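The values are calculated or read from the model by the stated rules, or taken from the named source; none is laboratory data. Every value quoted in this text rests on a predicted model; they were computed, and no experiment measured them. Ideal geometry is used to build each Cβ from the backbone, glycine not excepted, and the neighbour counts take in all protein chains shown. For accessibility, only protein heavy atoms count, side chains too; no ligands or nucleic acids. Shrake-Rupley method; radii C 1.70, N 1.55, O 1.52, S 1.80 Å.
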Amino acid sequence: GSEENELYRAQIHLYKHVYNFVSSMALKSVMELGIADVIDNHGKPMTLNELATSLKLHPSKVNILHRFLRLLTYNGFFVKTTVNAKEGGEGEIAYSLTPPSKLLVSGKSTCLAPIVKGALHPSSLDMWSASKQWFNEDKEQTLFESATGESFWDFLNKQSDTLSMFQDAMASDSRMFELALQENKHVFEGLESLVDVGGGTGGVTKLINKAFPHLKCTVFDQPQVVGNLTGTENLNFVGGDMFKSIPPADAVLLKWVLHDWNDEQSLKILKNSKEAISGKGKDGKVIIIDISIDETSDDRELTGLQLDYDLVMLTMFLGKEREKKEWEKLIYDAGFSSYKIRTISGFKSIIEVFP
Ligand code: 2HI
């Protein structure tokens with residue numbers, strides 16, 4: 001009957017969500033094996049045996065590889081075709097890359113493997129075991145702090161390999177920005193100077209500098225991030241604290257910054273940004289690049305990703321991904337008079353904020 005049917009569906013739904021991590025972790029395994037690189041180097045679809053040979057796998061692992069590939073093919077990371085079909089014979093299955101797995105090919109400007117590595121690193125996953133304890137504590141701290149006793153930022157700064165893992169992930173995400181920049185050149189036109197707050201190793205700033213060579217750019221980040229970096233004529237690195245003050249410029253760029261911070265902290269950053277652009281009068285602007293959640297969107301994959309990111313920001317930083325009306329409140333509370341919001345690069349938006 002329909003009651004049983006509903007129960008069966010419910011079980012499938014529940015189990016699917018219980019085992020969502022399998023798809024994430026199998027994707028990470030494939031990334032670590034470098035399968036996308038092997039197929040990309042080969043230049044044409046590869047059979048299971050060709051893949052196993054290239055990866056130098058022990059014969060006992062060939063079938064294991066097949067099972068991983070079966071799930072990942074189902075999940076849209078590979079497509080299967082038939083090769084070497086002789087007359088009357090069946091031929092062999094060969095795997096090729098799809099647009100999502102092409103994003104794992106290393107050495108390409110679009111490579112997002114560092115995101116997979118960082119986001120699925122044990123440091124980002126282990127904290128979830130402490131979530132019950134976190135809910136029941138009577139103090140305000142991140143899940144990461146509750147689980148490990150230190151903030152994620154302190155954790156990163158403690159070891160150079162974790163700091164560079166994070167920086168590599170942020171830099172790889174930033175490279176995608178080049179496309180978005182082409183479509184949003186008008187946002188940067190007419191500006192003489194720009195400060196990229198939380199600009200890290202300068203990936204985004206360099207892209208902006210390439211598109212606008214006359215623009216005087218400053219990458220502003222914590223001293224331990226920018227201390228050893230040297231700039232060029234129109235790109236300089238400045239160390240400091242965005243909660244104290246931001247170097248003056250015609251425009252302040254806040255890319256993937258405000259989602260790491262709660263409303264009170266974000267308000268402070270925005271007020272300091274307003275101060276930084278005050279020299280340009282009404283012609284200054286703050287450029288925010290971040291997620292804007294639209295729960296009413298019928299793109300369930302997109303909204304689901306944005307809501308996932310919200311929980312990642314919440315648990316790691318007590319930060320948040322905001323809806324359009326939350327952005328609006330923050331912007332007006334910080335004393336700005338107007339803003340323009342547009343979707344870029346799929347899941348993020350660009351928000352121009354005017355004094
Ligand atoms: C490396 C990458 C990420 C991470 C931790 C890492 O945490 C991310 O890509 C995510 C999250 O999963 C992230 C994205 C933006 C951001 C902070 C974290 O500002 O070591």
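The magnitude of the dipole of the range 85-133, with charges of +1 and -1 set on the Cβ of Lys/Arg and Asp/Glu and taken from the Cα centre, is near 340 debye. Quick one: with all protein chains in place, what share of the accessible area of the chain is carbon or sulfur, to the nearest percent (1.4 Å probe)? The C+S portion of the solvent-accessible surface of the chain is 53 percent.
A simple rule links phi to the HN-Hα coupling: the Karplus curve 6.51 cos²θ - 1.76 cosθ + 1.60 with θ = phi - 60°, which for the range 320-333 gives 7, 8, 10, 7, 3, 5, 6, 4, 4, 4, 4, 5, 6, 4 Hz, with x for Gly and Pro. The GluC sites (Glu not before Pro) of the range 165-226 that meet both conditions, a loop assignment by DSSP and at most 14 other Cβ atoms within 10 Å of the site Cβ, are GLU189, GLU192. A 1.4 Å probe run over the protein chains yields, for the chain, 55 Å² of accessible area per residue, whole-number rounding. I'd like the orientation of helix 20-33 relative to the chain: the angle between its Cα long axis and the longest Cα principal axis, in ° from 0 to 90, rounded to 10. Compared with the principal axis, the helix lies near 90 degrees. Loop-located GluC sites (Glu not before Pro) in the range 81-145 (DSSP state other than H, G, I, E, B) with a sparse environment of at most 14 neighbouring Cβ atoms within 10 Å: GLU87, GLU90, GLU137, GLU140.
Computed over the range 127-220, relative contact order equals 20 percent, with contacts defined as Cα pairs under 8 Å that lie 6+ residues apart.
Once all protein chains are placed together, ARG67 keeps about 140 Å² accessible to a 1.4 angstrom probe. Computed over the chain with a Gaussian network model linking Cα atoms closer than 10 Å, the most mobile of ALA85, ALA251, ALA52 is ALA85.
Using C-alpha pairs below 8 Å separated by at least 6 residues, the relative contact order for the chain is 11 percent. Across the range 176-354, the convex hull enclosing all Cα atoms gives 110 Å³ per residue.
Across the range 275-285, coupling constants 3J(HN,Hα) worked out from phi with the 6.51/-1.76/1.60 Karplus curve, θ = phi - 60°, read 4, 5, 9, 5, x, 8, x, 6, 8, x, 7 Hz, and Gly and Pro carry x.
Summary of packing: across the peptides 265-276, 338-349, the per-residue average of other C-beta atoms within 10 Å ranks them, highest first, as 265-276, 338-349. When the Gaussian network model of the chain links Cα atoms closer than 10 Å, the mean-square fluctuations of GLY281, GLY304, GLY91 top out at GLY91.
Please compute the alpha carbon radius of gyration of the range 261-340, then divide it by the globular-protein estimate 2.2 N^0.38 Å. Two decimals is fine.
The value comes to 1.22.
If one takes the longest principal axis of the Cα atoms in the chain, at what angle in degrees, from 0 to 90 and to the nearest 10, does the Cα axis of helix 2-18 lie? Here the helix axis deviates by roughly 70 degrees. Across the protein chains, with a 1.4 Å probe defining accessible surface, the residues VAL187, VAL79 rank VAL79, VAL187 from largest area downward. Applied to the range 149-158, the Karplus parametrisation 6.51 cos²θ - 1.76 cosθ + 1.60 on θ = phi - 60° returns per-residue 3J(HN,Hα) values of x, 9, 6, 4, 5, 5, 4, 4, 6, 6 Hz, with x for Gly and Pro.
For the range 176-354, the relative contact order works out to 19 percent when only alpha carbon pairs closer than 8 Å and six or more residues apart are counted. Counting every pair of alpha carbons in the range 150-250, the share spaced more than 24 Å apart comes to 24 percent.
Mind pulling up the Rg/Rh value for the range 171-216? Radius of gyration and Kirkwood radius, both on Cα.
Using only Cα positions, Rg/Rh for the range 171-216 is 0.93.
Between the amide H of ASP196 and those of THR218, VAL219, PHE220, LEU253, distances stay under 5 Å, these residues lying 5 or more places away or on another chain, with hydrogens modeled in the peptide plane. Over all pairs of different C-alpha atoms in the chain, the reciprocal of the mean inverse distance, the Kirkwood hydrodynamic radius, equals 22.8 Å. Just checking the listed ones, ASN49, ASN75, ASN84: in the Gaussian network model of the chain with Cα springs under 10 Å, the one fluctuating most is ASN84.
Express as a percent, rounded to the nearest 5, the fraction of DSSP beta bridges in the chain (both residues included) that run antiparallel. Mind showing how you got there, number by number?
Details: 21 of 41 bridges.
Within the chain, antiparallel bridges account for around 50 percent of the total.
Spatially, the range 57-72 and the range 321-339 are offset by 50 Å when compared through their Cα centroids. Think of the chain as a dipole: +1 on every Lys or Arg Cβ, -1 on every Asp or Glu Cβ, centred on the Cα centre; then among ILE288, VAL204, ALA334, VAL204 lies furthest on the positive end. Here the chain is assigned +1 on the Cβ of each Lys and Arg and -1 on the Cβ of each Asp and Glu. Its dipole about the Cα centre then comes out at about 800 debye.
Here the range 176-354 is assigned +1 on the Cβ of each Lys and Arg and -1 on the Cβ of each Asp and Glu. Its dipole about the Cα centre then comes out at about 560 debye.
Overall shape of the range 2-104 was characterised from the C-alpha gyration tensor. The equivalent ellipsoid obtained from it has semi-axes of 30, 18, 13 Å, in decreasing order.
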